[in-house]
2 protein chains.
Amino acid sequence: MVDVRDTWHPDPDEMNLTEVMSALSDPIRVGLIRLLSDGEERGWGLLRAPVSKSTLSHHLRVLRSAGLTRTRMEGTRCFVVLRRDDVQSRFPGLLDAVLTAADNQSVGSEVSLA
Amino acid sequence: MVDVRDTWHPDPDEMNLTEVMSALSDPIRVGLIRLLSDGEERGWGLLRAPVSKSTLSHHLRVLRSAGLTRTRMEGTRCFVVLRRDDVQSRFPGLLDAVLTAADNQSVGSEVSLA
DNA sequence: TCCTTTGTTCGATGTTCGTAGAACGTCAAA
DNA sequence: TTTGACGTTCTACGAACATCGAACAAAGGA
């Protein structure tokens, strides 16, 4: 059984403002975006968040289906990267503003690496 | 009986990113912000949204307690204004980015004036 | 061929949210 | 004083959400 959600990513034109804002309304998801803000691709195994495996999977799906991240499979492992340029082209300035504000307020600091 | 929620507005330092993002995750609230984006103070009676009176009151309270708008009473009438400078000082670039994106996508166009 | 690792999916649960209607308080006008 | 306009609050309800554990699927190793 093929699940569309596994591989689908929205094009920049398909990204929805309300969905993106909603995706960025959760501290854990903001923390994940902050970790990825340097543009590096990261394996899920490196992501440390105070939630269960299934909840983390859920949050990463929300980010992906909003268009904020891109997920790539390699064997049984997943790698995720921030779609910074795509988001910038669709919503100029939005991601930078959120990242700046999140840094200032330490939003999502419960999420870490390694 | 005094209700704190009637008059309380957060200082810029008290504004919370997650709360602001959440407040801007609803199309009707984004529409209200768009209407107020010219900086003019507007009476509630001028706001036209496809929701009931109580629901509109709820949305305006969410915007107010997030710090996005300021509400002033005058007799039995209410006036609301966008706190553009306060939001800009706390979250530089955020409001502009959201307004630009909302205009491009016509988010909240179901809200109108008069 | 098993077993481990990795991530998804499926209930289940408790919470929050958007919504509406009814009741209330307040102020102004008739 | 009575009536009407205006906005808030209370209550209720369904939908959506965050969370978890368990079951599942796929890919490599032992």
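Using all C-alpha to C-alpha distances in segment A:1-65, build P(r) with 10 Å bins and read off the rounded percent in each one. Final binned percentages: 17, 51, 29, 2. Since only B:PRO12, B:SER22, B:GLY93 are under comparison, the one whose Cα sits farthest along the positive direction of the charge dipole of segment B:4-105, derived from C-beta charges on Lys, Arg, Asp and Glu, is B:SER22. Sorted shortest first, the separations between the A:GLY93 label point and its copies elsewhere in the assembly read 0.9 nm; each point sits 7 Å from Cα along the Cα-to-Cβ line. The mean number of partner chain beta-carbon atoms within 10 angstrom of a residue's beta-carbon across peptide A:104-111 is 2. Placing +1 on the Cβ of every Lys and Arg and -1 on the Cβ of every Asp and Glu, with no other charges, gives the protein assembly as shown a dipole of roughly 500 debye about its Cα centre.
Projecting 7 Å from Cα along the Cα-to-Cβ direction, the label point of A:GLY39 sits 3.6 nm from its equivalents in the other copies, listed shortest first. Comparing B:ARG90, B:ARG70, B:ARG34 in a Gaussian network model of chain B (Cα springs below 10 Å), the most mobile by mean-square fluctuation is B:ARG90.
When the alpha-carbon atoms of chain A are used, the pair Rg, Dmax equals 13.3, 44 angstrom. Taken about its Cα centre, segment B:4-105 carries a charge dipole of about 460 debye when Lys and Arg each add +1 at the Cβ and Asp and Glu each add -1 at the Cβ. Sorted into 5 angstrom bins from 0, the C-alpha pair distances of the protein assembly as shown split as 1, 6, 14, 18, 17, 14, 11, 8, 5, 3, 1, 0, 0, 0 percent.
Helix content alone sets the calculated 222 nm mean residue ellipticity of the protein assembly as shown: runs of n ≥ 4 DSSP H residues at -39500 (n - 2.57) each, divided across all residues, give -13000 deg cm²/dmol. Peptide B:81-91 has a mean shielding of 1, counted as Cβ atoms of other protein chains within 10 Å of each residue's Cβ.
Can you give the average number of partner chain beta-carbon atoms within 10 Å of each beta-carbon in peptide A:50-62, as a whole number? List each step's numbers first, then the result.
Numbers: counts 0, 0, 0, 0, 0, 0, 0, 0, 0, 0, 0, 0, 0.
Partner-chain Cβ atoms within 10 Å, mean over residues of A:50-62: 0.
Remark on segment B:37-99: ratio of C-alpha radius of gyration to 2.2 N^0.38 Å is 1.16.
Every read-out reported here was derived from the displayed coordinates using simple, explicitly stated rules and does not represent laboratory data. Quantities reported herein were computed from a predicted structural model and do not represent experimental measurements. Glycine gets a Cβ as well: all are built from the backbone with ideal geometry, and neighbour counts include every protein chain shown.
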